[in-house]
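Below: the structure, in structure tokens.
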Amino acid sequence: MSLPELRGVVDAWAEQYSALGQIPWISHVEIFENRGQMMGASNPHPHCQIWANATVPNLPTRELASVREYHAERHSCLLCDYLKLELQLNVRVVCQNDAFAVLVPFWAVWPFESLVLSKRHIASIDQLNGEERDLLADIMRRITIRYDNLFETAFPYSMGFHQKPTDGGAYEEGHFHAHYFPPLLRSETIQKFMVGYELLGSPQRDVTPESAANRLMEAGEIHYLDRA
């Protein structure tokens, strides 16, 4: 998709987040996308979904508890501070623009998992200004092209945004971000599975976050199909 087309998608996400969040019984709006049959996508064309819940799901609840605890202790935003450290180190950063950065977090479990962080502290997608919406479209295009280039295939993944709940709380500690969870390990046919000890004990990392970030960074921003 072109950047203007992607900007239209970002605008639709922001509009739907606001509209659904204004419904009195909706406490959380989850915007996400499953790409590829490997991730259970039933339709071959790119598409996303939005689920609006009466309760806040488990993972966002855990994230909010962490950022609130950090803010109470240090009077600062956990993800703002984390992003500052990652940009200073510059060993797990994949790409960035003026408004967003993509990095492989040090806690990554999936081989090429990545985190998209807004550089400005905002809590939800509807708080992005016009330029930032363009730059969100830009950064998503850049990371997904890198995924496709990595093994020269339509790279499967699950992607989703985490942002403040819509239950009326302030959630000033929350920081708008997106997770990419892709399952491919060493090629377009070799998938990372979590079974046995990984399900019952602890996930095992097949590649280091640093090497994953470096490979994604080197994958480049010209799509492999357009390299002729």
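The values are calculated or read from the model by the stated rules, or taken from the named source; none is laboratory data. Keep in mind that what you see is a predicted model, and the values were worked out from it rather than measured. Every residue, glycine among them, receives a Cβ derived from its backbone with ideal geometry; neighbour counts consider all protein chains shown. In case anyone asks, the SASA skips ligands and DNA or RNA and just uses the protein heavy atoms, side chains included. Shrake-Rupley method; radii C 1.70, N 1.55, O 1.52, S 1.80 Å.
Residue check: is GLU113 more than 17 Å from the chain's Cα centre (by Cα) and of a type in the set (D, E, K, R)?
no
Would you check if VAL109 is in contact with a Cys (Cβ under 8 Å, 6 or more places away or on another chain), in contact (Cβ under 8 Å) with a residue 12 or more places away in the chain and not charged (D, E, K, R)?
When the stated conditions are applied, VAL109 does not pass them.
Against the numbered list (1) polar (S, T, N, Q); (2) modelled with pLDDT under 95; (3) open to solvent by 30 Å² or more (accessible area, probe 1.4 Å), THR153 comes up short only at (3). Considering each residue of segment 168-205, count those that are in a strand (DSSP E or B) and among the hydrophobic types (A, V, I, L, M, F, W, C), and give that number. So the count comes out to 3. Residues of segment 150-167 that are more than 18 Å from SER27 (Cα to Cα) and part of a loop (DSSP other than H, G, I, E, B): GLU152, THR153, ALA154, PHE155, PRO156. Residues in segment 192-228 that are within 20 Å of the chain's Cα centre (by Cα) and among the small types (Gly, Ala, Ser): SER211, ALA212, ALA213, ALA219, GLY220. For segment 59-80, the set of residues classified as among the aliphatic types (A, V, I, L, M) and exposed (fewer than 12 other Cβ atoms within 10 Å of the Cβ) consists of ALA65, ALA72, listed by residue number.
Every test in (1) touching a Pro at 6+ places or on another chain (Cβ under 8 Å); (2) open to solvent by 60 Å² or more (accessible area, probe 1.4 Å) is passed by ASN43 save one, and that test is (1). For segment 102-149, a tally of residues being buried (at least 19 other Cβ atoms within 10 Å of the Cβ) and either assigned to a strand (DSSP E or B) or among the aromatic types (Phe, Trp, Tyr) (or both) returns 10.
Looking only at segment 166-201, which residues are in contact (Cβ under 8 Å) with a residue 40 or more places away in the chain, open to solvent by less than 40 Å² (accessible area, probe 1.4 Å) and among the polar types (S, T, N, Q)? Scanning segment 166-201 gives a single hit, THR166. Residues that are touching a Pro at 6+ places or on another chain (Cβ under 7 Å) and either among the hydroxyl-bearing types (Ser, Thr, Tyr) or over 20 Å from GLU30 (Cα atoms) (or both) within segment 110-137 comprise TRP110, PHE112, listed in sequence order.
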